[in-house]
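Accompanying notes for the structure given below.
Coordinate-derived values only; no laboratory data. Owing to the predicted nature of the structure, the values given are computational and were not obtained by experimental measurement. Here Cβ is always computed from backbone atoms with ideal geometry, including for glycine, and neighbour counts include all displayed protein chains.
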Amino acid sequence: MKKNMLLLFAMLLGFQLSYAQQPETSPLSNEQQSIIDLSKQKWNWMAEKNVTALDKLFDAKSAFVHMGGSWGKTQEINVIKSGGIWYKQATIHAATVNIIENTAIVLSNITLLAVVGGNEVTNPFIVTEVYIKENNEWKLGALSFTKLLTPEDRKH
């Protein structure tokens with residue numbers, strides 16, 4: 001009986017795995033690639049504290065969600081300019097983009113090295129960026145950080 005149950009379980013598991021969603025491997029369109037490139041450039045501007053470029057990229061109504069709170073464009077620009085948060089380096093492990101009419105959603109798996117309140121920290125994140133196309137130009141409408149749990153986090 002145990003052998004039959006084990007065999008049934010193995011067959012069900014194999015059946016389930018055979019229908020698991022396969023990752024998309026289709027090539028990116030030119031527009032999708034340009035948005036991925038814009039997202040990468042944004043990380044560079046943030047690391048360089050290039051608030052002039054960021055001010056042009058961020059929509060006036062943009063929203064930013066961090067581990068410690070959320071705020072709008074003006075406060076994000078001020079935080080970057082003052083060094084309250086210095087996005088020293090974003091290592092992008094993977095990024096996807098979905099375009100829905102004039103909206104692009106970028107999901108990035110990153111490791112962020114930052115200085116926050118004078119302390120250097122490294123955190124793994126899934127970052128959600130929402131871009132809106134206005135007058136043939138992409139503007140950042142929202143940026144949200146979701147911290148991933150590390151094995152050390154799971155121990156607590």
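Just need the relative contact order of the stretch 29-154 here, percent rounded to a whole number, with Cα pairs under 8 Å and 6+ apart.
23 percent
Run the reach check for Lys49 against lysines, Cα to Cα strictly under 25 Å, same-chain hits fewer than 8 apart removed. What comes back?
Correct list for Lys49: Lys40, Lys61, Lys73, Lys81, Lys88, Lys133, Lys139, Lys147.
State the extension gain, in nm to one decimal, for the chain segment bounded by Ala47 and Leu28, taking 0.36 nm per residue of separation less the distance between their alpha-carbons.
Between Ala47 and Leu28, full extension yields an extra 4.2 nm.
Give me the one-decimal Kirkwood hydrodynamic radius in Å for the stretch 29-154, with the sum taken over alpha-carbon pairs.
14.8 Å
Within the stretch 128-151, find all residues whose amide N lies under 20 Å from a label point positioned 7 Å from the Cα of Met67 along Cα-to-beta-carbon.
The answer is 128-129, 143-151.
Mind pulling up the Rg/Rh value for the stretch 103-156? Radius of gyration and Kirkwood radius, both on Cα.
Reported Rg/Rh (Cα atoms, Kirkwood Rh): 1.13.
How much length is gained on full extension from Lys81 to Lys155, taking 0.36 nm per residue of separation minus their Cα-Cα distance?
Using 0.36 nm per residue and subtracting the Cα-Cα distance, I get 23.0 nm.
On a full-extension model of 0.36 nm per residue, what is the gain between Glu137 and Lys88, subtracting their alpha-carbon distance, rounded to one decimal in nm?
Taking 0.36 nm per residue and subtracting the Cα distance, the gain is 15.0 nm.
Before anything else, pin down the relative contact order of the stretch 51-122: Cα pairs under 8 Å, at least 6 apart, normalised by residue count, whole percent.
23 percent
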